[in-house]
Amino acid sequence: MDNGEELSQAHRRSLRHDYRNLLSDAVTRKNEYMTDSGSLLLEDLERANLLFNSVDRTVEGILDSRFLILSADIGAQRAHQLRIDSAAFDALEYIEKVRLNLYAASGDNQQMLGSTPNWAAMGSIAARFSRRAPQFSCIYGPLMTEPKERRRVKPGAKRDNAALAASRQEAQIETMGESDVKRQENQTTKLVKTVHKILTQVGPVNLLQLVINPASFSQSVENIFYVSFLIRDGKAFIDDQSGQPMIEACEPPQQDDYQSGLTKKQLIFSLDQSTWQQIIEVFAIEESIIPTRASKLDASGLSQISSQVPR
């Protein structure tokens, strides 16, 4: 190792030693920094600036950054201790001086007219107290903003548009409702007639074997719905004297029959999927007496209630 390298290493050791002493003094005199007028902190900052002129390696740069962070924390704590309502710091006076530097003498008029602020002048003033460029983290918002023009909407126009949209929607709902109900009534009537025709052809049959569709639980429920119309209108009757619910087609009763003592009975028929599966297994139903109807799909791909007449 030559003399130049030894001198360089000795200089770096001395520089690191001075930085460590500076950091130790700063930690020890932290309370003094807080109570002092600020001259003590400025002296240590001058020491750090002199040492920084000799920094050319990462190790010494890390020591300098530690002191910079420590001094910044002390400065922030001193700023928090400032009494805004005292004569030490007048916020209104500070803002007024900033506006004078941004907009020259007539700050109010220039700002109202939308003049561009002179940020270069403010930057030159701030540069006197800092040797480094400020980071972007200190900027919390845009420097310039353009006021947005608010569109004025007449109150009457908004209410008229809302009323017109509501009336159109109501008319559309009413039209669709009437057409759907009429179409559904026609389809239900056709299906009831079809079921009556099938019941007339097969003769007496077990009710469950008639309505249960082993391929579709939903159509089994629909079949019960259609058979209920035949029972209501007296075009079919159920006989359970044998212990099984046997259904058979018949002629609708006349008024004389009711006067002779004939009465109607209405029962609630409940069916869930587990019961539907048990009926299929117990009665060994492999094919539906009422033919399976083609199901419709809506726009989302879900199956709707089938309403087509079986072929």
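Just so it is clear, none of the values below were taken in a lab; they were calculated from the coordinates. As the structure is a prediction and not an experimental result, all values here were calculated from the model. Here Cβ is always computed from backbone atoms with ideal geometry, including for glycine, and neighbour counts include all displayed protein chains.
Between their Cα atoms, which of Lys193/Lys264; Lys235/Lys264; Lys197/Lys265 are more than 18 Å away from each other?
Exceeds cut-off: Lys193/Lys264; Lys197/Lys265.
Based on the mean of other beta carbon atoms within 10 Å per residue, what is the order of 203-213, 70-80, 244-254, most packed first?
The peptides rank, most packed first, as 203-213, 244-254, 70-80.
Work through the residues other than Ala121 whose Cβ is under 13 Å from its Cβ and net out their charges, Lys, Arg +1 and Asp, Glu -1.
Summing Lys/Arg as +1 and Asp/Glu as -1 gives +3.
Could you run the Karplus curve 6.51 cos²θ - 1.76 cosθ + 1.60 with θ = phi - 60° over the range 191-199 and give me ³J(HN,Hα) per residue in whole Hz, x for Gly and Pro?
My calculation for the range 191-199 gives 5, 5, 5, 5, 5, 5, 5, 5, 5 Hz in order.
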